[in-house]
Each structure stands twice: as structure tokens, then as C-alpha cells.
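What follows is a set of notes on a single structure, which appears directly below.
The values are calculated or read from the model by the stated rules, or taken from the named source; none is laboratory data. Computed from a prediction, not measured in an experiment: that's the story for all the values here. Methodologically, a virtual Cβ is constructed for each residue, glycine included, from the backbone with ideal geometry; neighbour enumeration extends over all protein chains shown. What goes into the accessible areas is simple: the full protein's heavy atoms, side chains included, and nothing from ligands, DNA or RNA. Shrake-Rupley method; radii C 1.70, N 1.55, O 1.52, S 1.80 Å.
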Amino acid sequence: MKQILLLTDFSENSINAIHYALNLFKEDNCNFYVLHVESSKSYLSDDLVMGGGQSIYDSIVKKSKNRLLELIENLKSKFHNPKFTFQEVIDFDGLTQAINQVKTSKHIDLIVMGSNGVTGAKEIVFGSNTINVIRNVYCPTLIVPEGFSYIKPLEVLLPLDLDDTLNSNAFSELLKFTERFSDKLHLLRMIPSDEVSQELENDAEYISTFIKGLDYAYHVIEEVPMDYTVSCYTQTHPITLTALLVQKERFIDRFFTSSSTSKISNKLRVPLLVFHS
């Protein structure tokens, strides 16, 4: 049974991401943990001061719990899926701390969240905080862009830079996903020059070894930034999901001193699925 963590701030964006997940896993037995992280800024001045004689529980916890329970009832009513169970979770820590606690205690297989990028009108849980979740939570994470209606991820795009290898646990996990849900995997290997590199030879070996029974396309892209390549490719091909492989030991240096991943996550056209090595 899958253990899936759904993040919500009760916005339309986060609920849309939850609907995507429930459509995607409709054939699976799933335990869904619906997490709402209550910001201290939102309750210290409002609930505690205006609460009068009410207890802290009534002022804060009960209010959020009731909203979560109402959301869960709406999900049950909309999807009518006997394979699904739901449990509400409320936390008052920072977002990534709360996610990591639930991930560990509930043995989470996948995190699902919405993202409206840094241009969102109001950053509460999501928006630019998407990057912090990818950076600080080592768990497969599915990020659904604002307003994206569910489409089965039949064609998946995987961009690769020089440090990405197909001989990794992360790529193995992606293959399991694509073999289950997808018809085709598009691999884009980005290199800094037109020289034949060891990475290209390795790719050929690993593709012949690991990709069995799945249609794929493999392209070498020379001297083009990753975010630009991904943007162009998703506009010219029927891509319905983009994946990224993240190596823990060099994650910050590779992805955040440069701006490729930030740009990709902030300009999502299709859902983004991140796997950590």
C-alpha cells in the first residue's frame, strides 16, 4: 500500500494538486496523509489575541482540523474510491521540518504539492518554498503547476547534465514510474561541447541494460542551458510530466548556485517529479 503525503494550505492550487494525485493513483491502494502547516504569523495575532476566553486548542488546532476534515470529506465525496484512506495532520513547525517528521513517522513514499512559482500573489506554504522542499526533504516529490488539469503522464521528459547517471537508484525509481504510467521516456543529455564524452558511452550501455519494453527517445544537446532546453522541448513535444534526478552530495552546488532548477520549477508547464539519489 502506498503512503502518500498531500500538502495543503486550502488554496485552489494545493487542492488541484491533490486532485491530480488522486486521479493518478486511482487504481492503487493508498493511505493519504493530508498535511496543513499552520504559520505562527497567522495565529499569534489573530486567533490567540482575538480568541478571548477560548483555549489555544479551540483557537488554533480545532479550527484547522475542521477545515482539514471538511476537505477530506469533499475528496471522499468527489472520488468515491474504496482503495483510498485519508488522515489529517496539522503541524506548527516550519514547512520542511513538518514534512520530514511525517515522512519519517509514516514511511512516506511520495510527497505531492502545488506550485505557483515566485510570482504567486501570496506565499503561504507553496510558491517559492517549493525549492526549499526539494532541497531539504529527501523523498520523491511531485509538484503540480497552478491550474494544470489532470492528464495521464504518458510522455515523460528527463533532462540530464554531466553529473547525472542512469546507473542510479533515482533513475531506477523513475523507470518504475514510467513503466507503470507512461508510454514513452524522452532523455535529453546536455553536454558542454560536441566532443564524444564518457557519459554518452555510459548512457548507451545503461539504456540497453535497464530500459526494457518502454519506448524512448535519446537526444544530445550541446551548450544549451537546462531550463531553456526543457522549456523548448515541452513546447514542441507532447510531454505530460518532467522528471529530475537529484544527487544528494552535490545538490546545492549543482542546482542552486546555478538557476536551472529554480527556473524549471518556477516555469512549470507540466508536473515535475523529483527523485533523490
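Among residues of the range 75-94 that are without any contact (Cβ under 8 Å) to a residue 40 or more places away in the chain, none has a beta-carbon under 7 Å from a residue that is in a loop (DSSP other than H, G, I, E, B) and open to solvent by less than 70 Å² (accessible area, probe 1.4 Å) at least six positions away or on a different chain. Of the set (1) closer than 19 Å to S277 by Cα; (2) in contact with a helix residue (DSSP H, G or I) (Cβ under 9 Å, 6 or more places away or on another chain), all apply to K212 but (1). Of the residues making up the range 199-220, those that are surrounded by 11 or more Cβ atoms within 10 Å (Cβ to Cβ) and of a type in the set (D, E, K, R) number 4. Selection of first residues in the range 225-249 that are within 23 Å of L24 (Cβ to Cβ) and of second residues that are in a helix (DSSP H, G or I) and β-branched (V, I, T), restricted to Cβ pairs under 8 Å at least 6 apart or on distinct chains, gives the following pairs, ordered by first then second residue: V230/I264; T242/V230; T242/T234; T242/I264; L244/T261; L244/I264; V246/I134.
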